[in-house]
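The structure under discussion appears below in the form of structure tokens.
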Amino acid sequence: MNRTSMRPWAATAAGAALLVSLAACGAANESDASGDESSAGSSLSGTLNGAGASSQQSAVNAWKQGFQTENPDVTVNYDAIGSGGGREQFISGGTSFAGSDAYLDDEELAAASERCGGGDVITVPVYVSPVAVVYNLDGVDDLRLSPETLGAIFAGDITTWNDEAIATDNPDADLPDVAITPVHRGDASGTTENFTAYLAAASDGAWSHGEVEEWPIKGGEAAQQTSGVIQAVSGGSGTIGYADASQVGDLDTVAVKVGSDYVEPSPEAAAKVLDAATPVAGRAETDLALQIDRGTDAEGVYPIVLVSYQIACQKYDDPAEAELVKEWLTYVAGPEGQQASADAAGSAPLTEDFAAKVQAAIDTIG
């Protein structure tokens, strides 16, 4: 059965990916007047507020626990209102940082730069995870789908589970004559943007509604945030949806056709997408936004992946706020933070080279 098991993923991913030791973190520790590195973290105090992607929720909870344990006088608040809401709150100055499954578009970037006093915006990928296609269909626990079939299902053009296209992908399955209920996010969602980006790139026109953050068509069932999608798929019959793999639980997941093979979601398969990613053109050195090759046919790659960012300012009016943000991001992107999210959410830790680029951007905060 295609049950998603996050902890085995995490153990494999953590062993496979090396993370960089962050010199900047050590430098911050050495700056403590006593010279005692073990006490430097406890000198931080204050409240740090963030908001954004619900896909990051499990990882953020782990990051908060680790960071606040090291810094007991710091409180980190994170409101998982969705990527779009998180970016809006950050741009308006309501939070110190945002979590987002999509990087800032050009209009948002201009507004964020103004919010940051005209300085550069920090955009760092810190969470890499598959977006699993989840389903609930009695008697079928091993489902394979091509991108063309997936696109047609979510576009509303394939409406029953025994459709010929699904049968072609699953010749050995006993597919019932049951209506398909596609479940999508009802809120502005970076997960939706990543999922529709894949459909637009890989479905050969079966999905013609583009890469969007808000679901563009009527039909199916709408649910709020990742937890709502999981609840709707779990509580229905003949349902299918999409969600960050860390929150799939006991739901079955689809193996997606890539080239001539079918690939199930895993951190290792998702992390391979980054090897072919290219930086978004025209961005500052502190903005590590990435263009993902969603239509890849490379062996062993799982192409429905979200690369989730934390977004912050390079400059803050309050030096104490800047210090909190810098230390928080350093922890999140560092070995302990990446291991914590791997353990809690099954994410793929950043590789050594990429983690060094992320830390270089974080080091400019101040």
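Descriptive notes on the structure:
- Applying the condition of being β-branched (Val, Ile, Thr) and surrounded by fewer than 23 Cβ atoms within 10 Å (Cβ to Cβ) to region 345-364 and asking which residue is farthest from PRO130 (Cα to Cα) yields THR364.
- Check on LEU22, farther than 15 Å from TYR127 by Cα, buried (at least 21 other Cβ atoms within 10 Å of the Cβ), modelled with pLDDT of 50 or more and aliphatic (A, V, I, L, M): no
- Matching residues, region 174-198, being modelled with pLDDT under 95 and not in a helix (DSSP H, G or I): ASP187, ALA188, SER189
- Any hit, region 105-120, residues being closer than 22 Å to ALA245 by Cα, outside the structural domain of LEU199 (by TED's automatic domain parsing), touching a strand residue (DSSP E or B) at 6+ places or on another chain (Cβ under 8 Å) and not charged (D, E, K, R): no
- Single condition SER234 does not satisfy, out of (1) over 20 Å from the mean Cα position of the chain (by Cα); (2) assigned to a loop (DSSP other than H, G, I, E, B); (3) touching a residue at least 24 places away in the same chain (Cβ under 8 Å): (2)
- Restricting attention to region 56-106 and to residues that are under 25 Å from VAL131 (Cβ atoms) and of a type in the set (Asp, Glu), the residue that is modelled with the lowest pLDDT turns out to be ASP101.
- Sub-6 Å Cβ pairs linking a first residue in region 306-334 that is closer than 16 Å to GLN89 by Cβ to a second residue that is part of a strand (DSSP E or B) and β-branched (Val, Ile, Thr), at least 6 apart or interchain, are TYR309/THR123; GLN310/VAL124; GLN310/VAL126; ILE311/THR123; ALA312/ILE122, ordered by first then second residue.
- Hits in region 315-366 (condition: farther than 30 Å from ALA269 by Cα and among the hydrophobic types (A, V, I, L, M, F, W, C)): ALA320, ALA322, LEU324, VAL325, ILE365
The values are calculated or read from the model by the stated rules, or taken from the named source; none is laboratory data. Computed from a predicted model, the values in this text were never measured in an experiment. Please note: Cβ atoms are built from the backbone with ideal geometry, for glycine as well, and neighbour counts cover all protein chains shown.
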